[in-house]
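Since the structure comes first, as structure tokens, the remarks are kept for the end.
The numbers here are math on the coordinates, done by the rules we state, and not lab data. These numbers come from a predicted model, not from an experiment. Heads up, the Cβs are rebuilt from the backbone with ideal geometry, glycines too, and the neighbour counts pull from every protein chain shown.
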């Protein structure tokens, strides 16, 4: 394994060739906020929270897909980046209906955590209060579009890990919505294996177990990594 | 032989040139003049705002505003002239009842240099033989028989041709990059997803001279080592789609496309892909996803399509006008092409001149021509004694050039320094009564509607920016709102995933730069 040495926030970091800046930073203990990224799923670089400054590059680069290279000089927490992250979180809060006090994920929500981290104590932009539906047609799970941030983790986990491809993104722009099957009620989609991986990886309370009350949903994305390690080990075994 | 060329492009067809051709044909056959007057449909003749347009050969006259009612008198006048003398140089004693014979000495015609459009308006786009008669596929044959792919790439590089889709990336360099990529099965894609409001250059080329684009693609395929190509065209361009389908069919039948072309081992097949109404699919990675049958959303670059394109294969993507430049460059030589235009931007550029302008239409001028020449001389300025306030170039990704900067030359760098872009060639003239805030709000609404929704800044940011602009328009905004507009605009530009979001705030920031007064006058709240 060849090693690349780079500099992240003034610290020298050694990283395996082929790793991303995000992976290198995490190994080095530098926290870069993410939302759409999840270890074990293909990266999409859509939430833009992990944008970093790279010396010599005029454009900000998403750490989740930017490969490390020798001598790279990365800044992850400049005032400009802090302002961008706060604005991204504000844009997410104002485009949906995120009411923590009545949310199943309250206290265990990645969006909430990121808001605290970036210091978003209020929104400077107006809330849009969109009219969004809730799908409770599945016997075990529910989908509340009001809380969805369109990170597409559910789409990817269902396609890439479960292999069922129940979920997709439909429409475009502000009208984007996660759909089951061909925009059917979730409960009527035969392809769904009821495995619950989408619920497991959802960073907010958008996908939840029926019966969960306020603050009772504990998402557990680390189980995904464990599952993939186990599968990998089994494939490698003779 | 007397020839009548009638514009059969979308603009003139909409103004009734289809009916005109019908009655002309009837009148000609009734007068038994079929062997003396040849009527043919052709591509765009130029001043679209004055259509239906009709050209007369061998006189070379161009008539504007020709109605179907004029057909009888025209054919009668032609018959008289044919009867009276064998000398066709006698000027025709005729004018359309409500139209006019255009003065071809006007700057609109004199200032043009038609390379891309050289055969547009001359040949019947549905007739391959006419295209071949003026040289179509001649360069492909010559290149296949006597040039190496490397020679073609070098020639393109030396010509200095830059991408006509808007970004101005050096075409030869792009070809060289794809050519260097490993893999035997590469792909050539023509981006015909022209979607900027007010832009119709590519449509005119495809409707008027489709074989030129096919030839350019085949030459590109030979140069980079591709065997298959796609033309990605927006579904709204029904006529262009119809003519492309026919052109591909004809080219295959005549051995201009397909396997073993011109007796060589080189083969190239071509497929048409019709979009489904998403502007973002003009972005190359979204376009590739759409060709692959996936949701048309962009992905981060790198990897660039040259490395990872359609079906994971190295892919060359160029715009319609870029491909249309290839055959003339090879025919006349790179030096000839490089001598046209400016040092950094060689060749010509086709613009669709629209908006508050007396004479609108399709013009092709050398790079480096000033905006004043195009808008004030060729377009003859704004109508009804009104004055030009600004010229919008580059559509939703571009910006405005104010009237006092119309001396700006049309090349990639000059426009960039003014905060706008060359873009694909849409040029919308705005007169003194234009509300620049409303204009900015219009373009922001466009981007809001066309955002794919994948990345947060573009999906949610364009909505907030549009809301702020609407608030200013309603007279309810404060200075703080204006500040927020600029801050958020800069953030959306800096952080969006693809070109759509990265340039969505440009029309707004550009009008703020030159017409801040329009905004300040709208601020109502304290």
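Computed values, structure above
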quantity: Theoretical FRET efficiency, 1/(1+(r/R0)^6), r = Cβ-Cβ of residue B:83 and residue B:238, R0 60 Å, to 0.05; calculated: 0.90
quantity: Inter-label distance for residue B:487 and residue A:55, nm, one decimal - labels placed 7 Å from Cα along Cα-to-Cβ; calculated: 3.0 nm
quantity: Ordering of B:297-306, B:113-122 by burial proxy (mean other Cβ atoms within 10 Å per residue, highest first); calculated: B:113-122, B:297-306
quantity: Rounded if a/c under 1.5, otherwise prolate or oblate - chain A, Cα gyration tensor axes; calculated: oblate
quantity: Percent antiparallel among DSSP beta bridges (both partners in chain B, rounded to 5); calculated: 50 percent
quantity: Extension gain (nm, one decimal) between residue A:222 and residue A:234, 0.36 nm per residue minus Cα-Cα; calculated: 2.5 nm
quantity: Gap separating the Cα centres of segment B:244-263 and segment A:197-236, nearest whole Å; calculated: 54 Å
quantity: Global form of segment B:262-374, assessed from the alpha-carbon gyration tensor, a/c cut-off 1.5; calculated: oblate
quantity: Efficiency of FRET from Cβ geometry, residue B:416 and residue A:102, R₀ 51 Å, rounded to 0.05; calculated: 0.50
quantity: Contact order normalised by residue count of chain B, Cα under 8 Å, 6+ apart, percent; calculated: 13 percent
quantity: Order by protection proxy (mean Cβ within 10 Å, highest first), peptides B:335-347, A:2-14; calculated: B:335-347, A:2-14
quantity: Rel. contact order, % - alpha carbon contacts under 8 angstrom, at least six apart, segment B:348-431; calculated: 37 percent
quantity: Length-normalised contact order of segment A:31-94 in % [C-alpha pairs under 8 Å, at least 6 apart]; calculated: 28 percent
quantity: Calculated [θ] (222 nm, deg cm²/dmol) that DSSP helices of n ≥ 4 give over chain B, each run adding -39,500 (n - 2.57); calculated: -12000 deg cm²/dmol
quantity: DSSP-defined antiparallel bridges as percent of all bridges, segment A:3-77, nearest 5; calculated: 85 percent
quantity: Normalised alpha carbon radius of gyration of segment B:417-471 [divisor 2.2 N^0.38 Å]; calculated: 1.30
quantity: MRE, 222 nm, helices only [DSSP H, n ≥ 4, -39500 (n - 2.57), over chain A, to nearest 500]; calculated: -7000 deg cm²/dmol
quantity: Cβ-Cβ FRET estimate between residue B:95 and residue B:470, R0 fixed at 56 Å, reported to 0.05; calculated: 0.70
quantity: Gyration tensor verdict on chain B (Cα atoms; rounded if a/c is under 1.5, prolate if a/b is larger than b/c, oblate otherwise); calculated: oblate
quantity: Shielding by partners, peptide A:168-175 (average Cβ within 10 angstrom, other chains); calculated: 6
quantity: Length gained when the stretch residue B:331-residue B:14 is fully extended (0.36 nm per residue, less Cα-Cα span); calculated: 110.6 nm
quantity: Near-label residues of segment B:142-174 by backbone N, under 13 Å of a point 7 Å along Cα→Cβ of residue B:134; calculated: none
quantity: Packing-based order for B:320-329, B:424-433, using average beta carbon neighbours within 10 Å, highest first; calculated: B:320-329, B:424-433
quantity: Inter-chain shielding of B:456-469 (mean C-beta neighbours from other protein chains, 10 Å cut-off); calculated: 6
quantity: DSSP beta bridge pairing in the protein assembly as shown, given as percent antiparallel to the nearest 5; calculated: 60 percent
quantity: Paramagnetic label zone (point 7 Å from Cα along Cα-to-C-beta, residue B:262; backbone N under 14 Å) in segment B:311-347; calculated: B:327-332
quantity: Rounded Å value of the spacing that divides the Cα centres of segment B:349-413 and segment B:1-58; calculated: 29 Å
